[in-house]
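Scroll down for the structure; my scribbles are underneath it.
The values are calculated or read from the model by the stated rules, or taken from the named source; none is laboratory data. These numbers were taken from a predicted model, which means no experiment stands behind them. Positions of Cβ are backbone-derived with ideal geometry, glycine not excepted, and every protein chain shown enters the neighbour counts.
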Amino acid sequence: VRLLPEVAEALRLGRPVVALESTIVAHGMPYPQNLELAKDVSQILRSKGVVPATIAIKDGVFKAGLHPDEMINLAKAGEEGRAVKCSTRDLPLNVQWGATTVAATMRLAHSAGIATFVTGGTGGVHRGGELSLDISTDLIELSRTPVVVVSAGVKSILDIRRTLEVLETFGVPTGTWQSDEFPSFFSPTSGVQSPARFEDAMDVACAYLAGRDLGMTNGMLVCVPNHDPAGESVEAAIHEALLEAEAAGIEGRDITPFILRTVAEKTAGDSLRSNISLVKNNAAVGAEVASAISTM
């Protein structure tokens, strides 16, 4: 993994670094909102003394940290069809311009020596996954890569209960930030009890380092509730979009982009604004977690 000099220097000095995925920029939202979000998230991290490191593939090279011109190119590449959405299975292939998913970002962040990763939402077991076996590689990567993933929970288009069952089976420490209920991405509630509760960043850091002391090689999932007021109406639109996706035969890696686009249309942009809000919120929490880990 080729490190941006700023990232390499921070890691050498033991300063906190947070990895960021590139799929949310290339495929998660339209241009220029995606570029504005990337800049805002970086600023949030820097304001807390944390160095941002966006993970991506450029000219066939794995990169941790992008120059400003590379970030602009990435933000435009998704809409123009130039950036491939890359999960872990795609990393060994000859990908020239790739936007990394949660799973691929975890793998490359760990290879770069970065312990904390902030994203919007993580993948999981799709609804009906007990029949289709459509289960995100994010869960597999959480089971084998020691990175703390800070998100708003699993994406609300998924089966939260079955996702938590799989995380338990894989032995992945999972908890919610300052809440006893597991969030559902756009909404802070899901009706599902969270496996654990983290009161502050030191709670997360202690749990993460305890796992390392025990020789555990898995990651951790820290879920931050999204308290944006538009969350409930967005959830209703998601249920409608799921039915439309099923009727159109859309599946696999194409589902999430379709749902996000459809829901944005149905909610007059409320879902996009809520998505942006939760990512920024996650970044603030992730900065605290990375700082706590770096001091221990």
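For this structure, a couple of remarks:
One line per residue, one yes/no per condition, for (1) in contact with a Cys (Cβ under 6 Å, 6 or more places away or on another chain); (2) in a helix (DSSP H, G or I); (3) not small (Gly, Ala, Ser):
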position	(1), (2), (3)
GLU6	no, yes, yes
TYR31	no, no, yes
ASN34	no, yes, yes
ALA53	no, no, no
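- If you go through the range 7-27 and keep only what is surrounded by 14 or more Cβ atoms within 10 Å (Cβ to Cβ) and not small (Gly, Ala, Ser), you end up with VAL7, LEU11, ARG15, PRO16, VAL17, VAL18, LEU20, GLU21, THR23, ILE24, VAL25, HIS27.
- Residue satisfying all of: in the range 234-250; out of contact with any helix residue (DSSP H, G or I) (no Cβ under 8 Å at 6 or more places or on another chain) and of a type in the set (Asp, Glu); surrounded by the fewest Cβ atoms within 10 Å (Cβ to Cβ) among these: GLU246
- Summed over the range 176-208, residues that are outside any loop (DSSP other than H, G, I, E, B) and either crowded, with 20+ Cβ neighbours inside 10 Å or out of contact with any strand residue (DSSP E or B) (no Cβ under 7 Å at 6 or more places or on another chain) (or both) total 12.
- Lone qualifier among GLY211, GLY286, GLY215, GLY231 - being surrounded by 20 or more Cβ atoms within 10 Å (Cβ to Cβ) and modelled with pLDDT of 90 or more: GLY286
- Sub-9 Å Cβ pairs linking a first residue in the range 251-264 that is surrounded by fewer than 16 Cβ atoms within 10 Å (Cβ to Cβ) to a second residue that is outside any helix (DSSP H, G or I), at least 6 apart or interchain, are GLU251/HIS126; GLU251/ASP134; GLY252/ASP134; ARG253/LYS85; ARG253/SER87; ARG253/THR101; ARG261/PRO30, ordered by first then second residue.
- Selected residue (only one of LEU164, LEU133 is among the aliphatic types (A, V, I, L, M) and modelled with pLDDT of 95 or more): LEU164
- Scope the range 87-114; condition surrounded by fewer than 19 Cβ atoms within 10 Å (Cβ to Cβ) and assigned to a helix (DSSP H, G or I); matching residues: ARG89, ASP90, SER111
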